[in-house]
Amino acid sequence: MVCIYAILATSFNLLIGFAGLFAFGHAGFYALGAYATALTAIRLHLPFPLPLIVSVVVTGVVGLAVALPSLRIAGIYLVITTLALQVITIDVIINWTSLTGGPTGISDVPPIVLFGETLSGPARFLPLAAVSALVCFLIARHVGGSPFGRALRAMRENESAAASVGKNIFYLKVSAFGMAAALASVAGSLFAYYLSYVGADSFQVSETVLILSMVVVGGTGNLVGSVLGAAFLVVLPEALAFVDLPEGTAGQLRLLIYGCVLVLFLVFRPEG
């Protein structure tokens, strides 16, 4: 799960940290990747990695379409628009029961078989998840350090100034959305294969908030920080389960501790 969330955090950081596009629908891309993988693996019986490729293409195209509203709006209006798109995505998933299974989701996603080995269980799945996270991180780092990445940062700082020196703002925004969506779909695909199940409950708005928290803890524009933030926020709730707390209030106290840790990061390490 650390590897899966590391992919989500680094891809989200491309939008927020590099492009300065505060979109709030990243879990929607995550969901599209998971459902595209589940449907193609079950209904079309495609072997790995074909469902992963299909999910990347489909989600990347959706990301390009989502970018179109961002060409006219910014700031809080972009947050509201992308949040609405995420809510619409989840509503479609819940109500299109003939395709997505509705509230019950899709189960029995076939496991990945590589070189005659079935990747079932955490130990066998971990190498693939780690390699996928590393590849996505290297792609994001290459994008961030390229002339394209520098143009994204220029657009983030001053869109008008970037346009005045010849940067194509339309191309930058659309490409950033498309790449972030495509990378997020890899995490969704791995999630579907790992749990052998996808359901709408796993991709609610709270999931976008969690991914955003990972970016904030790690630092916007800091891809290594995104990976560390993902590791910290995935491991912390599990570690708190081992803290001996009074019965009946343990769950609430763990949430309180979790929230206080996030607040301390914001106060003492606002840059991540």
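Annotations
- Extreme residue, least open to solvent (accessible area, probe 1.4 Å), among residues of the stretch 62-73 that are of a type in the set (A, V, I, L, M) and in contact (Cβ under 8 Å) with a residue 40 or more places away in the chain: A67
- Of the listed requirements (1) surrounded by fewer than 17 Cβ atoms within 10 Å (Cβ to Cβ); (2) hydrophobic (A, V, I, L, M, F, W, C); (3) farther than 17 Å from T208 by Cβ, V92 misses just one: (3).
- Test: residue in the stretch 39-59 that is part of a loop (DSSP other than H, G, I, E, B) and either buried (at least 20 other Cβ atoms within 10 Å of the Cβ) or touching a Ser or Thr at 6+ places or on another chain (Cβ under 6 Å) (or both): yes
- In the set (1) farther than 25 Å from L126 by Cβ; (2) surrounded by 20 or more Cβ atoms within 10 Å (Cβ to Cβ); (3) not hydroxyl-bearing (S, T, Y), the condition left unmet by A230 is number (1).
- Within the span defined as the stretch 253-269, one or more residues are in a loop (DSSP other than H, G, I, E, B), within 30 Å of R153 (Cα to Cα) and open to solvent by 50 Å² or more (accessible area, probe 1.4 Å).
- Scanning the stretch 2-17 for residues that are open to solvent by 10 Å² or more (accessible area, probe 1.4 Å) and either outside any helix (DSSP H, G or I) or over 19 Å from L236 (Cβ atoms) (or both) yields a single hit, I16.
- Checking S120, S98, S132 one by one, the residue that is loosely packed, with under 13 Cβ neighbours inside 10 Å and either part of a helix (DSSP H, G or I) or of a type in the set (S, T, N, Q) (or both) is S98 and no other.
- Any chance S189 is modelled with pLDDT of 90 or more and either within 30 Å of P47 (Cα to Cα) or open to solvent by less than 10 Å² (accessible area, probe 1.4 Å) (or both): yes
- Residue match in the stretch 207-222 (condition: modelled with pLDDT of 85 or more, farther than 30 Å from I93 by Cα, of a type in the set (A, V, I, L, M, F, W, C) and surrounded by 12 or more Cβ atoms within 10 Å (Cβ to Cβ)): yes
- Residue in the stretch 136-159 that is closer than 27 Å to G101 by Cβ, open to solvent by less than 80 Å² (accessible area, probe 1.4 Å) and touching a residue at least 60 places away in the same chain (Cβ under 8 Å) present: no
The values are calculated or read from the model by the stated rules, or taken from the named source; none is laboratory data. Note that the coordinates shown come from a computational prediction; the quantities given were computed from them, not determined experimentally. Cβ coordinates were reconstructed from backbone atoms using ideal geometry, including for glycine residues, and neighbour counts include every protein chain displayed. With ligands, DNA and RNA removed, areas are computed over all heavy atoms of the protein, side chains included. Shrake-Rupley method; radii C 1.70, N 1.55, O 1.52, S 1.80 Å.
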